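Colleague: Starting off with a structure, shown below.
The values are calculated or read from the model by the stated rules, or taken from the named source; none is laboratory data. These numbers come from a predicted model, not from an experiment. FYI the Cβ positions are ideal-geometry reconstructions off the backbone, even for glycines, and counts take in every protein chain you see.
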Amino acid sequence: MAASRATILITGETGTGKELIANAIHAHSARHEHPFVPVHSGSVPPDLLESALFGHVKGAFTGAVASRKGYFEIANHGTIFFDEIGTISLETQTKLLRVIQEREFMPLGSAETIKVDVRIVAATNADLKRLVEEGKFREDLYYRLNVINLALPPLRERKEDIPALVDHFFTKYCRENEKFLEETGRSRLQFEPDAMQILMDHTWPGNVRELENVVERAVVLASQPAVPADVLPEHLLEARGLRIRRDASGRLPSDASLFEIVADYERRKIIDQLEASDWSQTAAAEALRIPLSTLNQKIKRLNIEIRKRSGA
């Protein structure tokens, strides 16, 4: 697939990593030494998209005080990636079709065409076939783009990819933050087993984008190569429920992490207050000076079993 010049259409839910896959295809192709140019079609105003794609000459429109290269010219001999391809207007679709068929385009305001050698990879979270039926997407462009179709499952259906994605994002953000890097340029960070298990158990409604945010946070907060669970966002810990290790005597083990020590103290503090309040969560929340909703979240996360009140 990477070695081919054929256009590729990547489909999948929002955040499934379509741009990451497109970049990987480019990196393993013969075009890897040339630009990879992402175009986030949905975030560019329709009246500016054509200028962004094809460029313009000086005086082409009001405000065009100088000539400007478009994404296609910048991506020459490389790869151009269209995210949210289904949001492009029919007029721009027509011009895009010409680039695919003729391998040339005309900058705005110019009478001359520019030859271009670009591989096109497109992505969408929409049903393009339905858009074709509704007259919102050109059928001929759909078939031109859909030479190779790559359906990307949501992350919850391919959890075996999580360790590799974590390594990729660790390296990416360690480089950006200039910390915990090996001489090879790869990250030295690794999640501790309990933290990795939480990642594997999560359902990832935000897909790869959510995982990337979690790893970036971990890099920023990490103070040692072994990354503990306490750097994970609260919602991941709440969803999992915390398991605090204990030895045969019921005490924390000597190698307990700071996270386990704090969680154990918090758990005992909440249980003591619940007992003092006759297991009234409302009264306990008031005594602890936290909202009732926060107390309920902590009860769930810390696996505290609520007993019946004595008068109940």
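Colleague: Go through region 68-91 and give me each residue that's in a loop (DSSP other than H, G, I, E, B), farther than 23 Å from T11 by Cβ and touching a His at 6+ places or on another chain (Cβ under 7 Å).
Modeller: First, the residues of region 68-91 that are in a loop (DSSP other than H, G, I, E, B): 69-70, 75-78, 84, 88-89.
Filter once more, so that each one left must be farther than 23 Å from T11 by Cβ: 69-70, 76-77.
Hit for region 68-91 is H77, nothing else.
Colleague: Could I ask something else about it? Does any residue of region 162-183 turn out to be part of a loop (DSSP other than H, G, I, E, B), of a type in the set (A, V, I, L, M, F, W, C) and at negative phi?
Modeller: Pass one, region 162-183, residues part of a loop (DSSP other than H, G, I, E, B): 178-180, 182-183.
Checking which are of a type in the set (A, V, I, L, M, F, W, C) leaves us with 180.
Then drop every residue that is not at negative phi, which leaves none.
No, every residue in region 162-183 fails to be part of a loop (DSSP other than H, G, I, E, B), of a type in the set (A, V, I, L, M, F, W, C) and at negative phi.
Colleague: Do you know which of the residues in region 123-176 that are touching a Ser or Thr at 6+ places or on another chain (Cβ under 9 Å) and among the small types (G, A, S) is surrounded by the fewest Cβ atoms within 10 Å (Cβ to Cβ)?
Modeller: A151
Colleague: On to the next question. Examine region 229-250 for a residue that is assigned by TED's automatic domain parsing to the domain that holds K179, modelled with pLDDT of 80 or more and outside any helix (DSSP H, G or I), and state whether such a residue exists.
Modeller: Scanning region 229-250, I find at least one residue that is assigned by TED's automatic domain parsing to the domain that holds K179, modelled with pLDDT of 80 or more and outside any helix (DSSP H, G or I), so the answer is yes.
Colleague: Within region 109-118, is there a residue that is hydroxyl-bearing (S, T, Y), outside any strand (DSSP E or B), in contact with an Asp or Glu (Cβ under 9 Å, 6 or more places away or on another chain) and assigned by TED's automatic domain parsing to the domain that holds K69?
Modeller: Initial filter on region 109-118 (hydroxyl-bearing (S, T, Y)): 110, 113.
With the extra rule that they be outside any strand (DSSP E or B), the set shrinks to 110, 113.
Of the ones still in play, those that are also in contact with an Asp or Glu (Cβ under 9 Å, 6 or more places away or on another chain) are 113.
Okay, now just the ones that are also assigned by TED's automatic domain parsing to the domain that holds K69, so 113.
Taking every residue of region 109-118 in turn, at least one turns out to be hydroxyl-bearing (S, T, Y), outside any strand (DSSP E or B), in contact with an Asp or Glu (Cβ under 9 Å, 6 or more places away or on another chain) and assigned by TED's automatic domain parsing to the domain that holds K69.
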